[in-house]
1. In region 78-92, how many are surrounded by fewer than 23 Cβ atoms within 10 Å (Cβ to Cβ), without any contact (Cβ under 8 Å) to a residue 40 or more places away in the chain and either assigned to a strand (DSSP E or B) or out of contact with any Asp or Glu (no Cβ under 8 Å at 6 or more places or on another chain) (or both)?
2. Taking interchain pairs and intrachain pairs at least six residues apart, which have beta carbon atoms under 8 angstrom, with the first residue in region 168-197 and surrounded by fewer than 14 Cβ atoms within 10 Å (Cβ to Cβ) and the second among the polar types (S, T, N, Q)?
3. Restricting to region 35-73, give me the number of residues that are more than 22 Å from Lys202 (Cβ to Cβ), touching a Lys or Arg at 6+ places or on another chain (Cβ under 9 Å) and at pLDDT below 95.
4. Tally the residues that are crowded, with 21+ Cβ neighbours inside 10 Å and in a helix (DSSP H, G or I), restricting the search to region 93-117.
Amino acid sequence: MIKIVIVDDHIMFRQGLKAVIELESDIRVIGEASNENETIKVLKKNLPDILLMDIKLPDSNGIDVCEEILTNYPQLKVIMITAFHSEKDMISAIRAGAKGYVLKDSNIEELLRQIRLVHEGKNAIDFNLIDTVLEEIRKPNKKNILSKREQQIVKLIFEGLSNNEISEKLFISESTVKMHIHKIMEKLGVTSRTLIVRESLKRGLVDI
């Protein structure tokens with residue numbers, strides 16, 4: 001039995017989706033939530049196999065919530081549901097760890113297909129977005145805005161090294177490390193070491 005939790009702030013949508021899903025003999029909805037706080041409470045009470053979550057929540061961004069939840073529940077699988085045909089959102093959701101991405105105007109067969117594929121450990125993308133994915137793949141690789149040295153420093157920050165430890169590791173002065181970190185912050189538009197790592201990973205600028 002595939003256990004599902006539905007997260008969407010529209011109660012009629014949740015109830016309608018639940019009614020249709022539970023017509024299937026191998027899938028059961030074990031919980032519902034309308035926002036981030038309710039989702040966390042539901043997960044603590046009863047962890048599902050798959051979380052069906054709207055990308056637009058009233059109090060937060062579903063993509064950020066997805067990333068946070070998977071940090072605490074890495075075994076959980078997330079399928080993002082959305083009414084918007086957004087290439088940016090789709091790519092961000094996948095980078096955040098979502099295993100599936102389905103449009104709300106798709107038919108129920110597409111959603112059920114994704115639920116079963118994701119439950120098997122596979123990734124699934126809405127058929128209506130295949131062309132978008134292929135276009136993204138065919139685009140020439142964009143140059144990484146971080147230099148090789150800056151990428152090294154981001155990785156060492158992720159490992160928890162101090163500026164002094166980074167300088168010793170890379171055989172450069174601590175003032176040079178500080179200069180690099182300042183440049184990285186400017187390029188990424190962030191103001192802390194923690195946000196450097198988070199933003200670099202989100203943009204796919206470093207492999208950690």
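1. Matching residues across region 78-92 total 5.
2. Once the first residue is surrounded by fewer than 14 Cβ atoms within 10 Å (Cβ to Cβ) and sits in region 168-197, its partners that are among the polar types (S, T, N, Q) give Ser173/Ser167; Lys178/Asn163.
3. Of the residues in region 35-73, 1 are more than 22 Å from Lys202 (Cβ to Cβ), touching a Lys or Arg at 6+ places or on another chain (Cβ under 9 Å) and at pLDDT below 95.
4. Matching residues across region 93-117 total 5.
The values are calculated or read from the model by the stated rules, or taken from the named source; none is laboratory data. Note that the coordinates shown come from a computational prediction; the quantities given were computed from them, not determined experimentally. Neighbour counts run over all protein chains shown; Cβ positions are idealised from the backbone, glycine included.
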